[in-house]
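Everything on this sheet refers to the single structure shown next.
Nothing in this text is a laboratory measurement; each read-out follows from the coordinates by a stated rule. Keep in mind that this is a model prediction, so the values were computed, not measured. Here Cβ is always computed from backbone atoms with ideal geometry, including for glycine, and neighbour counts include all displayed protein chains.
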Amino acid sequence: MQGAHLEAAVRTPPGVVEALQVVAGFDAALANGLARLGPRHTESLNALAGAVGASPLGTVSADAIGKLAAGSIGVTELSAPAGARAAILGSVHDALLAGLDDALGRSRSAWEERPADPPPPEPVPAGPLAGARSWLQELAIAGWLGVDDGLVSAADQPLEALWAEPRLRRLAVLLDGLAAELRASCPVATMERLPERRWADLWTRAVLLAHSGSWTGGTTAVSGRLLPLGVDVHEHGTTVQAQVHAVLEPHGEGPVRLVRVAVAAAKVDTILGPSVWRLLSAYPTLLAALAGHRAMDVSDMPLTAGGDLLWDEERAQTGDVADPFATARVRLPDAVAPAVAPLDRHPVRIAEPVLVEGYKVRRDGTFDLNGEALAIDLDRLPPSGPLTEQLVKASTACLGLLRWDAGRWTLQPLAVQSTVKRQPVEAHNGDWALGPTDPKVVKAQARAGDAVAVLTERAGRLLRK
């Protein structure tokens, strides 16, 4: 990606700032509690309805917000503003992504609704959804400032019902996470700063999921050569996920596609750094491809309309060596990007793989590409790989994910080509997928002990008892 492209890519489209201000106004009202609307909050709600006034949501949103202002807070009155908020953020997402695609010359598939395969034998039970909507209604009435232990504990019964229904697992995970964050923050009123945007995002998504039950569509089977570009490692205290961004060269006719592969495993917070890869040992083909910079041959692998390969080790084989930087230079420019599912149309979910070259690193750590500055998100560098801040700042080429957060574009490095002591060096997030290759890290792990082995042995001992 060269300077002229970057200049166009990082430009904020017209209307984005104003749209985000409308969303922020609703988020402030939600934080205060919809049962305690003041003039300023009522004005913000009216602005939300006005922003979608010309859309199919216009009439229903205006009616619902009028009832909220009059003190009527029912399920319908909450679903409409949640839908309006999601639609506004979706329009921001679309504007940003369209500008990025134009700047990069990237084509993107149109969204096509696919029926679930196989179709569900019976409708999702209404009881668990009603319980979830009831709790979300209580949250909206109280607002984040009114959340206490009692209100958080009220989520336990709806969550139990949601976990019991596999088709509602997505909503169960979301509500469980929101409840955990609120519980850890209680009493919320004493917090110095509320994460209004984040909690409103979670609340909105939960309301929409609780309204529809399931947004999961169907898949199509694809076969071809999978060429990894890089891996984004997400670590949490209780889980780890490796999300691989790759190019798929299909067998036979069809365009080259950008796809994602995500695998995850449960963990405990004592398993850190390179040790997290051992938790993903159920995916040896994928790990070997990441560590060895190899392609994979996939056969009849399910692919969602949103570009996610549903990984099945039995349908994949390790192929020849495939340099990710060569793949990015040769195949990435022509690869067709996937469509974005309606519920995923949100600015924070933008993560577009790009190759950046020909830049200089400024003193503030940003990349200077023909006079344009691109911020680098060093906070996302995972401790499970060899990629470090020093290597990024010494780099001459960077494979990364272009993201939009906090009102600006940033680049999250996945791999870099650098020069260290006048020697060319490459570092990729997935280089240690089969174990660290740095002797210093190996020695440090040996001194600290193998946390995975110890916990596995203890778990086995408990099971034997």
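At 0.36 nm per residue, and after removing the present C-alpha to C-alpha distance, how many nm does the segment from VAL173 to GLN157 gain when stretched out fully? Write out the running numbers ahead of the final one.
Details: separation 16, 0.36 × 16 = 5.76 nm, distance 1.41 nm.
That works out to 4.3 nm of additional length.
Each part reduced to its alpha carbon centroid, the range 402-428 and the range 285-309 end up 23 Å apart. Label separation (LEU145 vs VAL330): 6.0 nm, computed from points 7 Å beyond Cα along the C-beta direction. Put simply, the amide H of ASP405, placed in the peptide plane, has neighbours under 5 Å in THR410, leaving out anything fewer than 5 places away on its chain. The residue list GLY105, ALA433, VAL321 was ranked by how far each Cα lies along the charge dipole of the chain toward its positive end, using unit charges on Cβ atoms, and ALA433 comes out on top. Once the Cα-Cα distance is subtracted from the 0.36 nm per residue extended length, the THR396 to GLN241 segment shows a gain of 53.0 nm.
Less than 14 Å from a label point 7 Å out along the Cα-to-Cβ axis of HIS251: which backbone N atoms in the range 277-298 qualify, by residue? Output list for this probe position: 296-298. Rounded to whole numbers, the Karplus 3J(HN,Hα) couplings from phi for the range 375-386 are 5, 10, 8, 6, 5, 8, 5, x, x, 8, x, x Hz, using 6.51 cos²θ - 1.76 cosθ + 1.60 with θ = phi - 60°, and x at Gly and Pro. Counting only residues at least eight positions apart within a chain, or on another chain, the lysines with an alpha carbon under 23 Å from that of LYS360 are LYS393, LYS421. In the calculated pair-distance distribution of the chain, the portion above 31 angstrom amounts to 50 percent of the Cα-Cα pairs.
Determine the calculated [θ] at 222 nm for the chain from helices alone, applying -39500 (n - 2.57) to every DSSP H run no shorter than 4 residues and normalising by the residue count; nearest 500 deg cm²/dmol.
On the way: 15 runs with 188 residues, N = 465.
One gets -12500 deg cm²/dmol as the mean residue ellipticity at 222 nm.
Between LYS421 and ALA130, what is the FRET efficiency for a Förster distance of 60 Å, r being their Cβ-Cβ separation, to the nearest 0.05? Intermediate values should be presented prior to the final figure.
On the way: r = 64 Å, r/R0 = 1.07.
For R0 = 60 Å, the calculated efficiency reads 0.40.
Centre-to-centre, using Cα atoms only, the range 199-272 and the range 29-62 are separated by 33 Å.
Applying the Karplus relation 6.51 cos²θ - 1.76 cosθ + 1.60 with θ = phi - 60° to the range 194-209 yields 3J(HN,Hα) values of 8, x, 4, 5, 5, 5, 5, 4, 5, 5, 4, 4, 5, 4, 5, 5 Hz, where x marks Gly and Pro. Report relative contact order for the chain in percent, whole number only (criteria: Cα-Cα under 8 Å, sequence separation at least 6). It rounds to 15 percent for the chain. Positive-end ranking of ALA31, LEU332, ALA264 along the dipole of the chain, with charges on Cβ about the Cα centre, is headed by ALA264.
Taking a ≥ b ≥ c as the square roots of the Cα gyration tensor eigenvalues, with a/c under 1.5 meaning rounded and otherwise prolate when a/b beats b/c, else oblate, which class fits the range 9-212? Oblate is the answer for the range 9-212, as a/c is 1.5 or above yet b/c matches or exceeds a/b. Remark: the range 419-432, residue by residue, has Karplus-estimated 3J(HN,Hα) of 10, 10, 6, 6, 10, x, 9, 10, 9, 10, 4, x, 4, 9 Hz, where x stands for each Gly or Pro and the curve is 6.51 cos²θ - 1.76 cosθ + 1.60 at θ = phi - 60°.
Evaluated with a Cβ-only charge set (Lys, Arg +1; Asp, Glu -1), the chain carries a dipole of roughly 960 debye about its Cα centre, given to the nearest 20.
Taking amide H as placed 1.01 Å from N in the peptide plane, the amide H of THR239 sits under 5 Å from that of LYS267, each at least 5 places away or on another chain.
How much length is gained on full extension from ALA266 to GLN317, taking 0.36 nm per residue of separation minus their Cα-Cα distance? Could the numbers behind the result be given before it?
Numbers: separation 51, 0.36 × 51 = 18.36 nm, distance 2.50 nm.
Separation in residues times 0.36 nm, less the Cα-Cα distance, equals 15.9 nm.
How big is the dipole moment of the range 291-405 about its Cα centre under a simple scheme where the beta carbon of each Lys and Arg is +1, that of each Asp and Glu is -1, and everything else is neutral? Debye, nearest 20, please.
Values: 12 positive and 19 negative charges, 92 e Å.
With Lys and Arg at +1 and Asp and Glu at -1, about 440 debye.
Mind giving me the FRET efficiency for VAL361 and ALA35? R0 is 35 Å, r the Cβ-Cβ distance, nearest 0.05 is fine.
On the way: r = 51 Å, r/R0 = 1.47.
Calculated transfer efficiency: 0.10.
Return LEU104, LEU229 ranked ascending by Cβ neighbour count within 10 Å, so the fewest neighbours appear first. Please report the intermediate quantities before stating the final value.
Values: LEU104 19, LEU229 26.
In order of increasing Cβ crowding within 10 Å: LEU104, LEU229.
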